[in-house]
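Read through the structure below, which is laid out as structure tokens, and then see the notes.
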Amino acid sequence: MKKLKLKEAAFVNVLVIDDHKMVRDGLKLMLQSLNRWMPFKVVDAETAESAMTKIGKENFELIILDYRLPGLSGADVVYRILRFKPLAKILVLSSYDELAYIQSMIDAGAKGYVLKSIEPAEMFKAIKTILSGNVYYCSEVAVKLINAAGDTALKIDKAKKLLTRREIEVLRMIAMEMTNEEIAKKLFIAKRTIDSHRQNLIHKLHVKNTVGLVKVAYQLDLITG
């Protein structure tokens, strides 16, 4: 992992909101283990009320919260935070993977949504992405959002947010039954680069193999797009 250059603060001030102490403590340990690449100061809160009090007293570069908190949904908490701090960057870390929960948090203004099953390396990637001003969804969440799009144009638009232009190009060629060697020759790049793109696609789209990639390509109408 590359060290992130911080322009102003000596550390990234993070607020973790979760009603389970084990989760809060686990996140603290994980973030502290990443201090070599990005120094963190971690503050935690068990309830929305406690979180709002702390948000009123200091600024946080990032707020990480669960979907469900005592007495409130995560979406309600996001709305409350953004009314008070409109520029707050909020990352949802939850075990809830249902589309309705995901969409409600995004609609409320969260900048990212990841599942508690992700690896620390991906959590770090999500944090870096959101701190850089972009959105981040883990692969399982991203695929649900893509598949939920009502028409082809929307699906392709969502896919473009998840995949790079080159990855979409490679995915289309994979679905056309082209080998890695043929794709490399067509795109004038090394075969090992295509191998890397294929593995990235499998990871991002949360499929097991080439058959899964082809299915996604057809769902996105990339063959005729």
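Scanning region 91-108 for residues that are touching a helix residue (DSSP H, G or I) at 6+ places or on another chain (Cβ under 6 Å), closer than 22 Å to residue 132 by Cβ and touching a residue at least 40 places away in the same chain (Cβ under 8 Å) yields a total of 2. Restricting attention to region 105-119, report how many residues are assigned to a helix (DSSP H, G or I) and either basic (Lys, Arg) or over 13 Å from the mean Cα position of the chain (by Cα) (or both). So the count comes out to 2.
For the criterion of being exposed (fewer than 15 other Cβ atoms within 10 Å of the Cβ) and assigned by TED's automatic domain parsing to the domain that holds residue 130, residue 98 passes. So the check is Cβ under 6 Å with 6+ separation or different chains; which pairs have a first residue in region 49-77 that's over 14 Å from residue 23 (Cβ atoms) and a second one that's basic (Lys, Arg) and surrounded by 19 or more Cβ atoms within 10 Å (Cβ to Cβ)? Pairs found: 62/89. In region 199-211, the qualifying residues are those that are in contact with a helix residue (DSSP H, G or I) (Cβ under 7 Å, 6 or more places away or on another chain) and part of a helix (DSSP H, G or I), and the one that is farthest from residue 114 (Cα to Cα) is 210. Would you tally the residues in region 75-104 being touching a Lys or Arg at 6+ places or on another chain (Cβ under 6 Å) and part of a helix (DSSP H, G or I)? Qualifying residue count, region 75-104: 1.
Looking across region 19-62, the residues that are among the polar types (S, T, N, Q) and within 17 Å of residue 91 (Cα to Cα) come down to 47, 59. Inspection of region 64-72 finds a residue satisfying the criterion of being small (Gly, Ala, Ser) and more than 18 Å from the chain's Cα centre (by Cα). Within region 7-26, none of the residues are in the same structural domain as residue 124 (by TED's automatic domain parsing), crowded, with 21+ Cβ neighbours inside 10 Å and assigned to a helix (DSSP H, G or I).
The values are calculated or read from the model by the stated rules, or taken from the named source; none is laboratory data. These figures come from a predicted structure and were not determined experimentally. Cβ: placed from backbone, ideal geometry, glycine included. Neighbour counts: every protein chain shown.
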